[in-house]
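Peer 1: This is the structure I have questions about; it appears just below.
Just so it is clear, none of the values below were taken in a lab; they were calculated from the coordinates. Computed from a predicted structure; not experimentally measured. Note that each Cβ is placed from the backbone with ideal geometry, even for glycine, and that neighbours are counted across all protein chains shown.
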Amino acid sequence: MDTGIVGLILAIVTTKPELVGGGGCPIFLAANQKEQERLSLYLARILGGVVHDLENGVYFICRH
Amino acid sequence: MRSDYRHYPSYPHGEFVHLSLGLIAAGLGAVAVPAIAKPDYTAVTFLALAAQQFREVRSIERETLLKLEETKMIRRGNDYIEGIARVFEARNYLVILSALFTSGIVYFGGWPWAIPASILCFIVSLRFMNGSYIGDIASVEVGTISFDNSMLKINDVVIMNVGLPFTREKIKREGMGIIIKPFNDDARLTLDTPGQRMAIMHDVVSILGSKVDINEGELAPIMRKQADQGYLAFFLVANEPDLNFCMEIIKRVPVLESARATSSKSYYGRKAAD
């Protein structure tokens with residue numbers, strides 16, 4: 001069986017640092033949306049998660 | 001002696017194992033009547049012992065499928081496996097019974113009766129082996145894929161949140177959306193079962209393929225329910241994006257025994273429905 005952590009936010013990628021904080025999850029700051037998309041893609045591929053968009057400038061990577 | 005071969009859809013492995021088991025089963029059934037009639041009680045005892053072995057068939061099948069399941073991208077689900085295992089066991093008994101019947105006829109009636117008897121067995125077996133399919137309990141239609149900002153929707157059913165713009169583009173280009181509408185309340189309950197949904201997804205993906213990869217979950221096939229009306233929306237990014245064939249495949253997915261709902265057969269179920 002594939003065992004691992006599921007249903008957990010693995011990383012947050014944002015252009016607006018004031019919107020996120022605390023919680024013990026790594027937060028990556030991006031200069032603009034393009035960089036944000038690239039960062040989240042890389043992180044998603046490395047961590048094996050899926051990128052989700054909260055539509056307020058915050059992307060997060062979650063494993064399902 | 002009449003042998004019966006059982007080729008379960010989408011299950012090509014172990015055909016030989018089951019063919020030989022079927023032959024053994026047919027042999028067992030066939031010699032039973034002459035052995036009792038002779039009477040050779042040692043042979044009868046051995047027959048009973050051998051027949052017990054067929055109880056093992058189900059667990060063999062279950063174990064194999066569960067082992068294979070671990071390395072599957074899209075899983076069959078336990079319900080489907082249990083269903084397949086049961087079918088294998090039941091069909092072996094069906095073989096024994098057919099052979100028993102045919103050899104009984106031959107023993108008492110002579111060779112000319114064997115042909116009609118076997119034809120009769122064939123028809124009865126076919127009747128027994130015929131389960132119902134998704135196409136019998138639900139209609140399958142094309143759904144339109146759309147995005148509400150980052151939310152992927154098929155018609156009015158929200159499927160998931162897709163973060164990356166280029167993934168959204170890919171889904172718009174290649175994604176397929178299908179709506180499965182149950183005909184009645186029983187069908188609705190059947191389609192509710194996660195096991196049944198997994199079975200549908202597995203069958204479709206095993207034929208059309210899927211672009212999902214290990215560690216890349218965005219393109220995974222997903223099936224979600226419209227909570228108020230009970231129909232299912234099925235999202236898939238297939239290697240062969242052909243909607244018509246996809247719908248045909250879904251219609252031919254068997255309704256799992258363990259998922260089959262019979263609420264309308266119970267008193268309160270009928271009362272609650274109206």
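Peer 1: Compute the separation of the alpha-carbon centres of the range B:142-156 and the range B:44-102 and state it in Å as a whole number.
Peer 2: Result: 42 Å between the Cα centres.
Peer 1: Related question: Return the FRET efficiency for the residue pair A:R45, B:N78: r is the Cβ-Cβ distance, R0 is 22 Å, and the value is rounded to the nearest 0.05.
Peer 2: The computed FRET efficiency comes out at 0.10.
Peer 1: Once the Cα atoms of helix B:165-174 and of chain B are each reduced to a long axis, what angle between those two axes, in degrees from 0 to 90 to the nearest 10, is obtained?
Peer 2: For B:165-174 against chain B, the angle is about 50 degrees.
Peer 1: Starting from the Cα-Cα distance between B:L120 and B:D213, subtract it from 0.36 nm times their residue separation and give me the gain in nm to one decimal.
Peer 2: 28.6 nm
Peer 1: Mind checking the full-extension length gain between B:S20 and B:E69? Use 0.36 nm per residue of separation minus the Cα-Cα distance, one decimal, nm.
Peer 2: That pair, B:S20 and B:E69, stretches by 15.2 nm at full extension.
Peer 1: Pull up all non-local amide H partners of B:M160: gap of 5 or more, or a different chain, and H-to-H distance under 5 Å with H placed in the peptide plane.
Peer 2: B:L152
Peer 1: Moving on. Going through the cross-link list B:K72/B:K211; B:K172/B:K225; A:K34/B:K72; B:K153/B:K271; B:K67/B:K153, which pairs have a Cα-Cα distance over 24 Å in this structure? Show your work: numbers first, answer last.
Peer 2: Details: B:K72/B:K211 14 Å; B:K172/B:K225 21 Å; A:K34/B:K72 35 Å; B:K153/B:K271 34 Å; B:K67/B:K153 35 Å.
Beyond 24 Å between Cα atoms: A:K34/B:K72; B:K153/B:K271; B:K67/B:K153.
Peer 1: Rounded to the nearest 10 degrees, what's the angle between the helix A:33-47 long axis and the longest principal axis of chain A, both from Cα atoms, 0 to 90?
Peer 2: 10
Peer 1: Report the FRET efficiency, 1/(1 + (r/R0)^6), for B:S206 and B:A273, where r is their Cβ-Cβ distance and R0 is 22 Å, rounded to 0.05.
Peer 2: Values: r = 35 Å, r/R0 = 1.59.
Rounded to the nearest 0.05, the efficiency is 0.05.
Peer 1: For a quick check: with amide H placed at 1.01 Å from N, whose amide H comes under 5 Å from A:L10's, ignoring anything fewer than 5 positions away on the same chain?
Peer 2: Result for A:L10 returns A:I61, A:C62, A:R63.
Peer 1: Also: Which whole-angstrom value gives the distance between the alpha carbon centres of the range B:211-264 and the range A:34-54?
Peer 2: Cα centroid to Cα centroid, the span is 27 Å.
Peer 1: Under the √(5λ) rule applied to the eigenvalues of the Cα gyration tensor, what semi-axes describe the equivalent ellipsoid of the range A:8-63? Give them in Å, descending.
Peer 2: Here the semi-axes work out to 15, 13, 9 Å.
Peer 1: Related question: Calculate, axis by axis, the spread of Cα positions in the protein assembly as shown along the three principal axes, and write the results as whole Å, longest axis first.
Peer 2: Per principal axis, max minus min of the Cα coordinates gives 91, 44, 38 Å.
Peer 1: Counting partner chain Cβ atoms within 10 Å of every residue's Cβ in B:210-219, what's the average?
Peer 2: Values: counts 0, 0, 0, 1, 2, 8, 5, 8, 5, 1.
Per residue, the average neighbour count from other chains is 3.
Peer 1: Give the residues of the range B:201-215 whose amide nitrogen is closer than 18 Å to a point set 7 Å from the Cα of B:N244 in the direction of its Cβ.
Peer 2: B:208, by backbone N distance to the label point.
Peer 1: Roughly how crowded by other chains is peptide B:154-165, in terms of the mean Cβ count from those chains within 10 Å of each of its Cβ atoms?
Peer 2: Counting Cβ atoms of other protein chains within 10 Å of each residue's Cβ and averaging gives 4.
Peer 1: Next question, about the same structure. Pick out, in residue order, every one of the chymotrypsin sites (Phe, Trp or Tyr not before Pro) in the range B:84-142 that is DSSP loop and has at most 12 other C-beta atoms within 10 Å; say none if there are none.
Peer 2: none
Peer 1: Which residue fluctuates the most in chain A, going by a Gaussian network model with Cα springs under 10 Å, if the choices are A:I46, A:I27, A:I12?
Peer 2: It is A:I46.
Peer 1: Suppose R0 equals 51 Å; then what is the FRET efficiency for B:N130 and A:E18 from their Cβ-Cβ distance, rounded to the nearest 0.05?
Peer 2: With R0 = 51 Å, the Cβ-Cβ based efficiency is 0.20.
Peer 1: Using the scaling law 2.2 N^0.38 Å as the reference, what is the normalised Cα Rg of the range B:135-273?
Peer 2: On the way: Rg = 15.5 Å, N = 139, 2.2 N^0.38 = 14.3 Å.
Ratio of Cα Rg to 2.2 N^0.38 Å: 1.08.
Peer 1: Place a point 7 Å from the Cα of B:M151 along the Cα-to-Cβ direction; which residues of the range A:29-56 have their backbone N under 19 Å from it?
Peer 2: A:51-56
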